[in-house]
Amino acid sequence: LGLLYQEYRDKSTRQEIETRRLQDSQTDPEESSPSDETPSEAEPTSTTESKAPPQISLLRNSNSRFNLWQDLPEIRSSGVLSILQPDEIKLQEAMFELVTSEASYYKSLNLLVSHFMENERLKKILHQSEAHILFSNVLDVMAVSERFLLDLEQRVEENIVISDVCDIVYQHTVNHFSVYITYVSNQTYQERAYKQLLQDKPAFREVISQLELDPKCKGLSFSSFLILPFQRITRLKLLVQNILKKVEEKSDRETTALDAHKELETVVKACNEGVRKMSRTEQMISIQKKLEFKIKSVPIISHSRWLLKQGELQQMNGPKTSRTLRTKKLFREIYLFLFNDLLVICRQIPGDKYQVFDSAPRGLLRVEELEDQGQSLANVFILRLLENADDREASYMLKASSQSEMKRWMISLAPNRRTKFVSFTSRLVDCPQIQCVHPYVAQQPDELSLELADVLNILDKTDDGWIFGERLHDQERGWFPSSMGEEILNPKIRAQNLKECFRVHKSDDSQRRKLGSRNRQ
């Protein structure tokens, strides 16, 4: 409990990475020990705080040096370890981590409030509206975490063998976790306000720097505390997934875990949509202002439309027979804005403007890769518009700056086009996989942000160091640098990852089957 959540989370995910590395190097994944398979906190350190978070009774000794449920003195002295099956011990560890990580999370939230939000110097510097944007409803989030933690603690106190925690997760997610949606949806405003305050108010910058240097913060930044709620709600879903993988099939505990996971997934999706909606609306307004239509005008701004990819490509001039021309005469620059339902083709004009000369619905786009025919035609592909702005078919021969850029455009333009490897949703027995060993923040709309220990199916890869992947725990797709991960080479581990993923999402599958049956009727 001495760890702040940022430290706890980092140690836990790194332990998860090391465990997977160990399993990947073994012939049989079952060879690894129960303690190896459970991500756990590092050794706690004792800290002193003005306001102590709720204490889990089993962990009241702040100087204790255990990491796992099975290392608790009460557990060791009870003799229960000699009675329980190894699978049940793994399950106990998974449930125990959910409890202890919530305690660590509450500790960090408490520090955000007591050390930063309630600091008198900071209160005098910030206007009430600025403080509201910066801290949002963090008091509500902390109150929800405290109530949740106390219920978890009560369950742990009932019996040294934890009966279940997912029923508690379910109840709190349904009844209380909407506060996370409010907090996370404010993230765009929060980030902007923080940057503006750092820039415009030297006094604010000075106080924040001094507060960050306090030993309580353990070298962690103020911004790392602000993003805690979003990190926690996402991590909580993964912790429930970890429990779900370990409960006995067709049991009551599996049912509660599936129910809890489903509700958490709903909250996480609502959080993601809240963040995206704000940034997407502003982005669409900005793009609309830059476009000038040479053809019949197309309304750009729509509540159901967002940008997928934009950028410059080289268009080949004249018919295909012009390939014999010199390179400098062969291509001219065009600029593409690709939305989820529309492609707009432009030429850049002075004043940071773009003149639109063609467009087509995204569903009427087809792409075809040209085989390498020399340097001038490297990374060239054909884009066909089955019905363009003039209601006719049109073709463009386009050249990208690199192989990865070409593939990224082709997959974005025609998402149903078959990739090099088959995706998770195809239920393929084996597929290349990679685990994230370095976090990555997406720089472009078609990229995927990665967290440590994420496992992804590799759908495509390029020779210049990019991977198109599908994350197993949420089926989100996108591009990321191959240097961010390590490929999982053991086919048994890959099969095990897929099997666990199918199990986690089987409630989604049954729901889809019900809907499909209803639609056919």
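The values are calculated or read from the model by the stated rules, or taken from the named source; none is laboratory data. As the structure is a computational prediction, the values presented were derived from the model and not from experiment. Don't worry about glycine lacking a Cβ; one is built from the backbone with ideal geometry, like all the others, and counts go over all protein chains shown. For the accessible areas, the whole protein counts, side chains as well, though only heavy atoms, and no ligand, DNA or RNA atoms are used. Shrake-Rupley method; radii C 1.70, N 1.55, O 1.52, S 1.80 Å.
List of remarks:
- For the residues D164, D140, the requirement of being in the same structural domain as L111 (by the TED database), within 16 Å of A257 (Cβ to Cβ) and acidic (D, E) singles out D164.
- When Q171, Q187, Q196 are screened for being in the same structural domain as K262 (by the TED database) and in contact with a Cys (Cβ under 9 Å, 6 or more places away or on another chain), only Q187 passes.
- Within segment 205-214, being part of a helix (DSSP H, G or I), over 30 Å from the mean Cα position of the chain (by Cα) and surrounded by fewer than 16 Cβ atoms within 10 Å (Cβ to Cβ) holds for E206, Q210.
- Given (1) open to solvent by less than 70 Å² (accessible area, probe 1.4 Å); (2) under 25 Å from N340 (Cα atoms), index of the condition K246 fails: (2)
Matching residues to (1) under 23 Å from the mean Cα position of the chain (by Cα); (2) open to solvent by 10 Å² or more (accessible area, probe 1.4 Å); (3) at pLDDT 85 or above:
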position: E18; (1), (2), (3): yes, yes, yes
position: E31; (1), (2), (3): no, yes, no
position: P44; (1), (2), (3): no, yes, no
position: R60; (1), (2), (3): no, yes, no
position: I75; (1), (2), (3): no, no, yes
position: V80; (1), (2), (3): no, yes, yes
position: K90; (1), (2), (3): no, yes, yes
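- Sole residue being modelled with pLDDT of 95 or more, under 20 Å from the mean Cα position of the chain (by Cα) and open to solvent by less than 20 Å² (accessible area, probe 1.4 Å), chosen from W479, W409: W479
- A count restricted to segment 185-204 and to residues that are among the small types (G, A, S) and either over 27 Å from the mean Cα position of the chain (by Cα) or open to solvent by 90 Å² or more (accessible area, probe 1.4 Å) (or both) stands at 1.
- Count - residues of segment 248-292 that are among the β-branched types (V, I, T) and under 19 Å from R305 (Cβ atoms): 4
- When L139, L149, L112 are screened for being more than 21 Å from D214 (Cα to Cα), touching a residue at least 60 places away in the same chain (Cβ under 8 Å) and not β-branched (V, I, T), only L149 passes.
- Counting only residues that are farther than 13 Å from I411 by Cβ and hydrophobic (A, V, I, L, M, F, W, C), segment 459-490 holds 5 of them.
- Only residues that are under 22 Å from I89 (Cα atoms) and either touching a strand residue (DSSP E or B) at 6+ places or on another chain (Cβ under 8 Å) or surrounded by fewer than 20 Cβ atoms within 10 Å (Cβ to Cβ) (or both) were counted in segment 163-184, giving 4.
- Subset of segment 143-160 [crowded, with 17+ Cβ neighbours inside 10 Å and over 19 Å from E263 (Cβ atoms)]: E153, V156
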